[in-house]
Amino acid sequence: MPEGPEIRRAAFEVEQAVKGQTLVEVYFAFPHLKEHEDHLVAAKVEAVRTKGKAMLIHFSNGYSIYSHNQLYGKWIIRKAFTYPTTKRQLRLALYTEKKAALLYSASDIDVLKTDELVNHPFISKAGPDVLSDDVTEFILLERMQSSAFKNRSWSALLLDQGFVAGNGNYLRSELLYVAGISPDAKPSECSDEQQHAMAEALITLSERSYETEGITVSHPLANELRNAGKKRRDYRHYVFNREGKLCYACGETIVKVTKNGRRLYYCPYCQ
């Protein structure tokens, strides 16, 4: 499933293609959304935002499109009325005179009045999005120390969109590694140093992944490994998807376990 950085990058690409442009045609695949095609034609795209893994497209007529890519959704930008060769199903298309923003395979799509978005079931429960909201380390520390979150395991908490929106499976493993925290630990069991490290990592790792299209290791380490001839899969992450390989910091073997029904990778020594 695409995580917050991937959706934020997709939102940037959609915004670059259609922001400020008048829509000449709109297509929804789902019958219950068909009535909104006429609502949106001739409107202009004012902004494209994200809330975690959800994308919000705001229009000049007071409507917004909510979409969640889920596991298989994918946005593709093309010249107007041209289409990629794919077996995916087109679910939503926004056409301007020159560009088309096409959403394939996603099934979670809705159209709402912009001022009613706060009541959407996902949006109303989502925590802060570090790539779209004004989020500080202090805000994140307050959340992890609150009664709602402090006694839950980190492995569960980092998948909870109500804690911080946008985190997913690869970010979960990477965040725990960078903060030096065991997957079984709870915020209430962590030292002040670990809590501050996690607050910082929640911001920096998402920003880094967004900027680098999915790389979470530091820039110096990525460059070092790249210059040594390593492929992208070898320098993309510290621990995620690296079972049986050596930790870049201590040389210990990376372990894979299942937590909350999903795979998690960690270093037994560093964490």
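The values are calculated or read from the model by the stated rules, or taken from the named source; none is laboratory data. Model, not experiment: these values are computed from the prediction. Here Cβ is always computed from backbone atoms with ideal geometry, including for glycine, and neighbour counts include all displayed protein chains. For the accessible areas, the whole protein counts, side chains as well, though only heavy atoms, and no ligand, DNA or RNA atoms are used. Shrake-Rupley method; radii C 1.70, N 1.55, O 1.52, S 1.80 Å.
Within the stretch 121-140, the set of residues being farther than 25 Å from residue 192 by Cβ and in contact with a Lys or Arg (Cβ under 9 Å, 6 or more places away or on another chain) comprises 122, 123, 126, 129, 131, 132. Filtering 3, 13, 37, 25 for residues that are modelled with pLDDT under 95 and under 20 Å from residue 106 (Cα atoms) leaves a single hit, 3. For residue 239, are the conditions met, namely being touching a Ser or Thr at 6+ places or on another chain (Cβ under 7 Å), at pLDDT 95 or above and open to solvent by less than 30 Å² (accessible area, probe 1.4 Å)? Here the answer is yes, as residue 239 does meet what is asked.
Checking the condition open to solvent by 40 Å² or more (accessible area, probe 1.4 Å), in a strand (DSSP E or B) and over 19 Å from residue 187 (Cα atoms), which residue from 110, 134 passes?
110
Close Cβ contacts (under 6 Å, 6 or more residues apart or on different chains) running from residues in the stretch 181-202 that are over 17 Å from residue 267 (Cα atoms) to residues that are buried (at least 16 other Cβ atoms within 10 Å of the Cβ) and of a type outside the set (A, V, I, L, M, F, W, C) comprise 186/153; 187/150; 188/150; 199/137; 200/137. Residues that are hydrophobic (A, V, I, L, M, F, W, C), in contact with a helix residue (DSSP H, G or I) (Cβ under 7 Å, 6 or more places away or on another chain) and open to solvent by 50 Å² or more (accessible area, probe 1.4 Å) within the stretch 49-93 comprise just one, 77.
Is one or more of the residues making up the stretch 160-171 open to solvent by 10 Å² or more (accessible area, probe 1.4 Å), more than 30 Å from residue 123 (Cα to Cα) and in a loop (DSSP other than H, G, I, E, B)? Within the stretch 160-171, not a single residue is open to solvent by 10 Å² or more (accessible area, probe 1.4 Å), more than 30 Å from residue 123 (Cα to Cα) and in a loop (DSSP other than H, G, I, E, B). In the stretch 198-229, the qualifying residues are those that are open to solvent by less than 10 Å² (accessible area, probe 1.4 Å) and outside any helix (DSSP H, G or I), and the one that is nearest to residue 140 (Cα to Cα) is 216. Of all the listed residues (238, 265, 269), the sole one being closer than 29 Å to residue 152 by Cβ, touching a residue at least 12 places away in the same chain (Cβ under 8 Å) and part of a strand (DSSP E or B) is 265. Among the residues of the stretch 74-104, those identified as touching a strand residue (DSSP E or B) at 6+ places or on another chain (Cβ under 6 Å) and not in a strand (DSSP E or B) are 80, 84, 88. How about the stretch 2-16: which of its residues are within 20 Å of residue 68 (Cβ to Cβ) and either open to solvent by 40 Å² or more (accessible area, probe 1.4 Å) or part of a helix (DSSP H, G or I) (or both)? Once the filter is applied, which keeps residues that are within 20 Å of residue 68 (Cβ to Cβ) and either open to solvent by 40 Å² or more (accessible area, probe 1.4 Å) or part of a helix (DSSP H, G or I) (or both), the stretch 2-16 yields 4, 5, 6, 7, 8, 9, 10, 11, 12, 13, 14, 15.
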